[in-house]
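This report concerns only the one structure given below.
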C-alpha cells in the first residue's frame, strides 16, 4: 500500500517554513503515515542541488534518502499569460522520473521566467504550449492541474480560470490525465461535472511546512507494493486508475476558498446568499471572491449526490492536530497539543492509523473518552466545519457530542486487529 503526497514545497518557495528541508519532510511524512513524497520545487536551482546531494536515484525512477525513504521528483509552476480574452494564472504540478529529465525541464522553463526567484516559478507561457514543450522532453512527465477550483490559480477558478479543460488546454487536453481536487473541493463535488469523468482525481497537501497538520492532510492511496514501486507503475496508476484506490481529503469546508466572501469585510456567504447580493459584498459593495462551491455549482451538469460508475474511494478526515487543538482549546503548536499527539503516535505508530483504524477504547485510555469519540466522529464524517472563504481556513465547530451515535464496530475492541488495508477495503 502506498500513501503518497505528491504536491509539496521546499524552503525556497514563498511563504514557506525556513525549516522545510528533506530531513523534516521525511521525519513528519513517516509520522503521518506516508511512504512516498513529492520532492517539491525541483525547478529551483538551490533545492535541485540539495536533492541531487541527498537523494539517490536508480533504474526505478523513485529517489531514496539515506534511510531508504521514497521521493519522486516534483515541482509546481505558475503560468501567467493573456490568451486574448483575459489574464490567465494557472498552477500545474509536474512529476519527472530522474534528474536528467528534471534538468531538461529546468533548462526549458528558464527561457520563460526566473527559476531562482521562487520555488514555484512564474512563467510567461500559455498552457497548451507548456504541455507541448514539456511532453517533447519525455511523454512520461506527468502534468497535473493543481487545486483546479481555487479562484486565482485553479484552471477552473472563478477569477482567472476557464470553463472547461478543453478551453484551457486546446488539443493538448488529451495529454492531461489527472486533476488535483484541492482543499476546498472533494470528489463528490467534482463528480457533478460529466466532463471530468475521464480524469483521475488526486489529492495532495500543497504543504508549505512539514508539520503534521499540513503535510499529508490530503493524500493518495495506491494498491502498489512499496518494495517494488517504480515511477512507471506510479504514472500508470495515475493515468489509468489501475491500482488507484482513492484519496484522503479534508472536509472541503476546511479549505480557504470553499465559500464566497470578503476577508477584509469579515463576510462569508453561501452561493445562495451571494446571489441575493448579485455576488457583491454587502459591506463594501465590491465583487465577492467567488469560492469553489459556487463555481462548481455554476458549471455542474449533474445534481448533488451523483456518483459515477468509476468513482474511487475517498476518506474525509481533518488532521489529528486540528482535533487536539480544538478539543483541548490550545494552540495547534503548543506543548499540550504535542504531548497528546505524541502519546497517540507512540501507541499507534502513525497519524493515519489513529485517524483510520485506532480502537476507541485505546484512544480513550491515552487521552479522554470524549476526545476518542471526536476521533471516531471524524472517521465517520460527522463533524461540522465552518466554511473557509477568501483565503481564510475553515474552522471545526465543536458542539456537545455526547448524544452522537457512532458505529458499534468503531467502539468495539475487536476492531483494533484490523489492518489498515482491511479497514480501507471495508464497505
- Query: Looking at this structure, is residue 343 over 22 Å from residue 218 (Cα atoms), modelled with pLDDT under 95, not in a strand (DSSP E or B) and not assigned by TED's automatic domain parsing to the domain that holds residue 249?
  - Reply: no
- Task: Taking only region 326-337 into account, find how many residues are in contact with a helix residue (DSSP H, G or I) (Cβ under 6 Å, 6 or more places away or on another chain), touching a residue at least 60 places away in the same chain (Cβ under 8 Å) and part of a helix (DSSP H, G or I).
- Result: 1
- Message: Taking the conditions exactly as written (under 18 Å from residue 390 (Cα atoms), touching a residue at least 12 places away in the same chain (Cβ under 8 Å), touching a strand residue (DSSP E or B) at 6+ places or on another chain (Cβ under 6 Å) and outside the structural domain of residue 193 (by TED's automatic domain parsing)), does residue 296 satisfy them or not?
- Response: no
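Considering only region 64-87, how many residues are under 30 Å from residue 161 (Cα atoms) and either touching a residue at least 40 places away in the same chain (Cβ under 8 Å) or crowded, with 17+ Cβ neighbours inside 10 Å (or both)?
Result for region 64-87: 13.
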- Message: Looking at region 299-308, can you tell me whether even one residue there is out of contact with any strand residue (DSSP E or B) (no Cβ under 8 Å at 6 or more places or on another chain) and either farther than 22 Å from residue 190 by Cα or surrounded by 22 or more Cβ atoms within 10 Å (Cβ to Cβ) (or both)?
- Response: no
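Would you be able to say whether some residue in region 259-267 is part of a loop (DSSP other than H, G, I, E, B), crowded, with 21+ Cβ neighbours inside 10 Å and not assigned by TED's automatic domain parsing to the domain that holds residue 73?
no
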- When you go through 33, 38, 61 one by one, which is the residue that is closer than 22 Å to residue 117 by Cα, touching a strand residue (DSSP E or B) at 6+ places or on another chain (Cβ under 8 Å) and touching a residue at least 12 places away in the same chain (Cβ under 8 Å)? 38
- Item | Subset of region 29-47 [out of contact with any helix residue (DSSP H, G or I) (no Cβ under 7 Å at 6 or more places or on another chain) and at negative phi] | 29, 30, 34, 36, 38, 44, 45, 46, 47
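The values are calculated or read from the model by the stated rules, or taken from the named source; none is laboratory data. Please read all numbers here as calculations on a predicted model, not as lab measurements. Heads up, the Cβs are rebuilt from the backbone with ideal geometry, glycines too, and the neighbour counts pull from every protein chain shown.
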